[in-house]
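The values are calculated or read from the model by the stated rules, or taken from the named source; none is laboratory data. This one's a predicted model, so the numbers in the text were calculated from it and none came from an experiment. Neighbour counts run over all protein chains shown; Cβ positions are idealised from the backbone, glycine included.
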């Protein structure tokens, strides 16, 4: 078949076949490149969304850090006030115990002996001291009611 055709024609037919194969290969390659570009666009959008989410997360972390610091400061202030109140209550309790002890010592001799007699080394309780002790006891009771 090819023996009757001139060599140049056969050569042109072979070049045409190679050109057809190249065109087909270029078409396949073009399809693959388009798919890759579409994937790249999707990837670009995904990276943009991820970047935005990362920035929002960083902002949220900063907000949480600030809130934590504020809460810590507020908690420290409450602890400081609580300790001060506990110290004050402790002093009041000691004072109340001391007053109760004095009242107890003052009542025992009064019950055991007539009002005019006193034990050696003790002094009689004046009405003013008794009134002071009663006020201190009522203040202590009020504080204990408020804190409980």
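Could you tell me whether any residue of region 58-65 is surrounded by 10 or more Cβ atoms within 10 Å (Cβ to Cβ) and over 26 Å from the mean Cα position of the chain (by Cα)? No, the conditions are met nowhere in region 58-65. Is it fair to say residue 5 is at pLDDT below 90 and closer than 30 Å to residue 136 by Cα? Considered against the rule, which asks whether it is at pLDDT below 90 and closer than 30 Å to residue 136 by Cα, residue 5 comes out as no.
Scanning region 90-148 for residues that are surrounded by 12 or more Cβ atoms within 10 Å (Cβ to Cβ) and modelled with pLDDT of 70 or more yields a count of 22.
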